[in-house]
1. Hey, got the dipole for the stretch 115-230? About the Cα centre, +1 on K and R Cβ, -1 on D and E Cβ, debye to the nearest 20?
2. Amide H of residue 62: which non-local residues (sequence gap of 5 or more, or other chain) have their own amide H closer than 5 Å, using H built in the peptide plane?
3. Can you give me the distance in nm between label points at residue 24 and residue 293, each placed 7 Å from the Cα along the Cα-to-Cβ direction?
4. Over the chain, average the accessible area per residue using a 1.4 Å probe and give it in Å², no decimals.
5. Long-range amide H contacts for residue 132: which residues qualify at under 5 Å (H placed 1.01 Å from N, peptide plane, sequence gap of 5 or more or a different chain)?
6. Using the 4.7 Å Cβ rule, please list in number order the cysteines from the chain without any candidate partner.
7. In degrees between 0 and 90, to the nearest 10, how far off the longest principal axis of the chain does helix 110-128 point, with axes built from Cα atoms?
8. So how tilted is helix 430-457 from the main axis of the chain? Cα-based, degrees 0 to 90, rounded to 10.
Amino acid sequence: MIYGIEEQVVLLLPVLVPMAGGLVVLMTRKLDHDRRWLLSVVLGILLAEAFLVAWALAAGGKLVLWNITKSITLTLSVDLVSCLFAALTTGVWLLVGIYSVAYMAHEHEERRFFGFYLIVLGVLIGLDFSGNLITMYVFFELMTLTSLPLVLHEGTKEAVMAGLKYLFYSVAGAFLALFGIFVLIQICGNQDFTPGGVIAKMGDGTMECILRSSLSERPVREGLFLAAMFCILVGFGAKAGMFPLHGWLPTAHPVAPAPASALLSGVITKSGVLAILRVIFFVAGPETIQGTWVQNVWIFLTLLTVFMGSMLAYKEPVLKKRLAYSTVSQVSYVLFGLSVLQPQAFAGALSHVVFHSLIKNTLFLCAGAIIVITGSTKVREMRALGSAMPILLGCYTVVSLALVGIPPASGFVSKWYLATGALASETGIWTWLGPVVLLVSALLTAGYLLPLTIQGFFPGRDLKREEERDKNLGIWKESQTEPGCWMLVPIGILTAGALLFGCFPGGLLDLIERIGAGVF
């Protein structure tokens, strides 16, 4: 059903408004000196975008943007998955944008940063609203190209090399996934996303579309289909930081500005999760890979990534790089929950999408504030922060405990669902090995996040002697204080969200269970 003009405009505006605003910011070079004008425009657009997304989600509907051919269209539509991801993206983007007002005052090229900041938001909303495979793929590639300047922002040699690595990994992964998309379209055409999928196994070992389109599709052999699905999982998994295409994350995060690192970790990695979710549960159908070698290899890769990322984070001395390795591990919690193809694990995966986004954005924003104020980048250089920044370090501690999975914080809820779902999944060795790896990873998470808290609030009696020894390094200055309210308020809101979602997860879980009821 195609809705009226008003509904179509409602769907299009959340995509176009931030993109147009970003272009305006990029083109108005003569107003670079007027920082107040720039920030007013950016914050105004972000607030308008929050209203437009809420309006679009309430109105729903479907919009055909472009009939490329008779069978290939670019289509926007709203469903429950769109509601979850678009609301999360917009809320986080607004809060990080407020934080950026203060942070970017210490950086250069604010106009360029905020211009691309707004453009990426519009592209991500387009990805969230994508109604079929081709639309999703177009916005997925656009997201890589438009987010690249955020990684390159510093302009140093390290930033350029990190940007090239990010581009190579992302494009290579997307091209790998494109092969799988070709196979899926060969089976069923560019069908709109349908809960539960539109492909069925036939008795002769072929795959065929349940909802026949006007095309004269030919059934595809199961071997080719499974190979295509594996390419999709590895290809889109690159953006989610899944082994073996995870290497861009620990390279890009340390060189990008803290707000960009927060969004790369907390939001943009989830675009890979969204793409995999759409393919497995809204095109192929979970039963087409259940019990196959593709599911077993996928589970293995997710658990390997969870353990490997935690170990590397535990050994990493640089704070932002440690958080990047943490993201490699934590996003694969989500992929593990999807890979076992079980309703409870599915609920744990989607809830962890929300919780990890709130937590990891907070951690990166705290890290950015600490680095700006102290000039230190390594954890061992950040002792006694609690005496000067008790609120900031307190927020860091709360979300760290949430990521470990300490109740009643939000991470406990998602990890409980992931573990219980895995135990009920009947996936052989993964039934018990999955929860074991998650528990080991939780211990390692405590090992790499909490030392900053312990050293910050309890620096030890030998602190003064060490301060005297390191005086020439400028590691600590008595004049250091809490960051301003432009930084603290977004951090506090995200921290409160990470805690309150753990205490009152009912509304979010109800939404996720409604999504799960449609795909299983």
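The values are calculated or read from the model by the stated rules, or taken from the named source; none is laboratory data. Because the structure is predicted, anything quoted here is derived from the model rather than measured. As a convention, Cβ positions derive from the backbone with ideal geometry for all residues, glycine included, and neighbour counts pool all protein chains shown. What goes into the accessible areas is simple: the full protein's heavy atoms, side chains included, and nothing from ligands, DNA or RNA. Shrake-Rupley method; radii C 1.70, N 1.55, O 1.52, S 1.80 Å.
1. Working: 6 positive and 9 negative charges, 31 e Å.
In total the dipole reaches around 160 debye.
2. 3
3. Placing both labels 7 Å beyond Cα along the Cβ direction yields 5.5 nm.
4. Details: 19590 Å² over 520 residues.
That works out to 38 Å² for each residue.
5. Under 5 Å from the amide H of residue 132: 75, 193.
6. 83, 231, 366, 395, 485, 503
7. Compared with the principal axis, the helix lies near 30 degrees.
8. 20
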